[in-house]
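Q: The following block contains the structure, expressed as structure tokens.
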């Protein structure tokens, strides 16, 4: 029984020590803090300050080292213009000139950022339902709460669709941490049904939908191809219609050429001389006299007309006749 009691006491002691060790001094960004050591400076003493395991101040045998930390004569650490990066566990130890520990201190510091001023926006749906959106540049690390007619309501969602949205219903949102809080502007919800038309937010949702964008792009490309095809077909038909009169004129011209015959060829003086030379060549059979007796005359038929003999054309030119007469 005594052994169990002792174990329980030790466990509680450990929990209490851990609770005090984890206790943090919360300070707002930009504030100042002095961690009290309350151990006056002595001749030949030694003092050291650490932020976690990093040395930020040291004094040995009365001589201070070059560290940016500010320490007063009582050994207390003075911190000004705090920023979140200065959050750590500060430790100090003060020894006398023979090395005996006179005093030490340990404090944990937590520097919290200031709460930003949120912006409250009302968005109305086509059916007349209002939605509240509470936003800020940096909303993480802060507690969000909703206020209806200056009273906190048990609602943590963002965005938020309140059930009460009359003219007398005022809403605002709040961002807060353990040291700071900021409220947004106060708004009232006055949404009305505006028909089936989509809101800009719906267009934005449509834009963010990749599948819908792919369908729209495909439809646009198909429409462009159809338009180009129609233009090309129209241009081809237009050219064919312009060619029909030209083909008709060519056909009529060809028919006229066939009916009138080919145009006479132009003859040069050499061609005309060659033709005349061919025409004046005498026929040997024509120069010999005809020794055969003429056939007996046929009986004339009074009813049948008698054909007349053809007359020979004298193709011999005069120069040739003169030559023949000379030879005779």
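Q: In nm, what is the difference between 0.36 nm times the number of residues separating residue 63 and residue 236 and their Cα-Cα distance?
A: 52.2 nm
Q: So what is the orientation-averaged projected area of region 18-112, using the convex hull of its C-alpha atoms, in nm²?
A: Computing the convex hull of the Cα atoms and averaging its projections yields 6.1 nm².
Q: Oh, and also: Take residue 24 and residue 114, extend 7 Å from each Cα along the Cα→Cβ direction, and tell me the distance between the two endpoints in nm.
A: 2.0 nm
Q: Could you give me D for region 119-197, from Stokes-Einstein at 4 °C and 1.567 mPa s, where the hydrodynamic radius is the Kirkwood radius over C-alpha pairs? Units µm² s⁻¹, please.
A: D = 98 µm²/s.
Q: Can you give the FRET efficiency for residue 38 and residue 140, using 1/(1 + (r/R0)^6), R0 = 22 Å, r = Cβ-Cβ distance, to the nearest 0.05?
A: Using R0 = 22 Å, I get an efficiency of 0.05.
Q: Now, a different point. Take the Cβ-Cβ distance between residue 78 and residue 152 as r, set R0 to 30 Å, and report the resulting FRET efficiency rounded to the nearest 0.05.
A: Calculated value: 0.20.
Values quoted throughout were computed directly from the atomic coordinates according to the rules given, and no laboratory measurement underlies them. It should be emphasised that the depicted structure is a prediction, and the values quoted were computed from it without experimental measurement. Cβ: placed from backbone, ideal geometry, glycine included. Neighbour counts: every protein chain shown.
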